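Input: a single structure, listed below in structure tokens.
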Amino acid sequence: MKTRITLLLLFLAACFFAEARQLSTTEREDKNYDAYLMVYHKDQDHGLHMAVSRDGYNWQALNGDRPIIGGDTIAVQHGIRDPHIFRGPDGAFYLSMTDLHVFGQRDGKRNTQWERDGKSYGWGNNRGLVLMKSNDLIHWTRTNLDFSALPDQEDMKWSEVGCVWAPETVFDEETNQLMIHFTTRQGNGKNIIYYAYVNNDYNTLIGQPRLLAEAPERAYNIIDSDIIKVGETYHLFYVSHQHGAAPKHATAQKITGPYTFHDTYRDGERRSHEAPNCWRRLGTDTYVVMFDNFSVRPMNFGFVETRDFFTYHPIGYFDAPGSPMRRQGFSEQKHGAVTYLTQKEYKRLLKQWP
């Protein structure tokens, strides 16, 4: 009898893993998740904020739009920016943030405008990132990475790093490793995009960072990279400063490139804007590109939808007339990113931060 039960359990387990292998990424997401989580920061406090949504259109701030985590408690510069949240294949949440307070002098965090001389290191200069990991979105581990402590490379003198901004985490299926990509520069040079692998504890880089993308001849800045895999193609959204600041699009068959740059992305926004973040609406084949429009007052997010990454349909700003995107309890949010939640996680967050 015991042998029969063991064989039955083995058979059921085999069926379960066979089904898991056959499910596509989108099918697994649609099967397991039914809510959304958005992270963002605000210039007023340089802390981590969160909002949740059941449908991807109507968003509600957690904790009365007060910081879920204060930037002054986790960052070397006593402030964070550009938060990004990623759900790893292990189910854990990986949160990466820029360690930077752009109003540090105003808020009494330092005596100078920037941490270092602006002529030598440029606007908003900083040296590192904040990495945090959680299994429940409430209890977190934390690591502060100082890139100026890395060994200098032939193509990058890290001891003279000018900035480390807008980190994002993805998973490299080829190497089976977590990977972060981020904006950086040497001194006050042009901004470029680098990537580096991170250990599973999310507290140590594995090897040296490597170049991911740059402008031709580094003639202008590119910043704010965002990577999403759709089918067998990796889509890179980034911001080009060639003519003002505006998101652009590129594709590759490997997560580390080489990327082919396209000129098909259109979001209808004529003013400078940044921080593209692409996510899929659950239960659909529609993808949203969300961006930070820092040129409007008050600052707001804009949204476009696409199904093929060649044609894009603008759906307006949060709370704009005719837009389906709505906020409750928050405003003037900056540099957002979206991931999915289970029903249990959604309820846990509402209980923890009503």
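Since every read-out is calculated from the coordinates, none of them should be taken as a lab result. Keep in mind that this is a model prediction, so the values were computed, not measured. Here the Cβ positions follow ideal geometry from the backbone for every residue, glycine too, while neighbour counts run over all protein chains shown.
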Next on the checklist: Just to check I understand the Karplus step: with θ = phi - 60° and J = 6.51 cos²θ - 1.76 cosθ + 1.60, what whole-Hz values come out for segment 324-330, glycine and proline as x?
Outcome noted: x, 7, 9, 10, 10, x, 8
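Need the full-extension length gain, residue 242 to residue 254, defined as separation in residues times 0.36 nm minus the C-alpha distance. One decimal, nm.
My answer for the length gained is 1.8 nm.
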Checklist entry - Is the shape of segment 15-106 rounded, prolate or oblate, going by the alpha carbon gyration tensor and its root eigenvalues a ≥ b ≥ c, with a/c under 1.5 for rounded and a/b larger than b/c for prolate? => result prolate
Checklist outcome for this item: Out of 268, 187, 322, a Gaussian network model of the chain with alpha-carbon springs under 10 Å gives the largest mean-square fluctuation to 322
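Taking 30 Å as the cut-off for C-alpha to C-alpha distance, list the pairs among 254/347; 109/229; 109/157; 254/344; 42/190 that go past it.
Those over the limit are 254/347; 109/229; 254/344.
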Checklist outcome for this item: Spelling it out for residue 62: with amide H atoms placed in the peptide plane at 1.01 Å from N, the residues 5 or more places away or on another chain with amide H under 5 Å from its amide H are 50, 51, 52
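Once you sort the root eigenvalues of the Cα gyration tensor of segment 302-350 as a ≥ b ≥ c, which label holds: rounded (a/c under 1.5), prolate (a/b larger than b/c) or oblate (the other case)?
On the way: a/c = 2.33, a/b = 1.40, b/c = 1.67.
Judged from the Cα gyration tensor, segment 302-350 comes out oblate (a/c at least 1.5, b/c at or above a/b).
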Checklist entry - Quick one: 237, 318, fewest Cβ neighbours within 10 Å first, how do they rank? => result 318, 237
Checklist entry - For segment 221-234, what does the Karplus curve 6.51 cos²θ - 1.76 cosθ + 1.60, with θ = phi - 60°, yield as ³J(HN,Hα) per residue in whole Hz, taken in order and with x for Gly and Pro? => result 7, 10, 9, 6, 6, 9, 10, 9, 9, 10, x, 9, 10, 9
Checklist entry - Considering amide H positions built from the backbone, and no H for Pro or chain starts, which residues 5 or more places from residue 246, or on another chain, come under 5 Å of its amide H? => result 240, 273
Checklist outcome for this item: Counting only residues 5 or more apart in sequence or on a different chain, those whose built amide H sits under 5 Å from that of residue 280 are 288
Next on the checklist: Could you derive backbone 3J(HN,Hα) for segment 42-58 from the dihedral phi with the Karplus parameters 6.51, -1.76 and 1.60 (θ = phi - 60°), listing whole Hz in sequence and x where the residue is Gly or Pro?
Outcome noted: 10, 5, 5, 9, 6, x, 8, 10, 9, 9, 10, 8, 8, 10, x, 10, 9
Item to check | Cα centroid separation - segment 209-258 against segment 58-81, whole Å | outcome: 28 Å
Item to check | Spin-label proximity, residue 200 to segment 125-152 - amide N less than 20 Å from point 7 Å beyond Cα toward beta carbon | outcome: 131-137, 140-143
Checklist entry - Can you give the FRET efficiency for residue 143 and residue 208, using 1/(1 + (r/R0)^6), R0 = 22 Å, r = Cβ-Cβ distance, to the nearest 0.05? => result 0.80
Next on the checklist: Run the simple label-point estimate for residue 152 and residue 319 please: 7 Å along Cα→C-beta, distance reported in nm.
Outcome noted: 5.0 nm
Next on the checklist: Students often check this: by mean Cβ neighbours within 10 Å, which of 296-305, 212-221 ranks highest, and how do the rest follow?
Outcome noted: 296-305, 212-221
Next on the checklist: Could you tell me the relative contact order of segment 186-342? Use alpha-carbon pairs under 8 Å, at least six residues apart, and round to a whole percent.
Outcome noted: 13 percent
Item to check | For segment 29-113: relative contact order, % (alpha-carbon pairs under 8 angstrom, 6 or more apart) | outcome: 22 percent
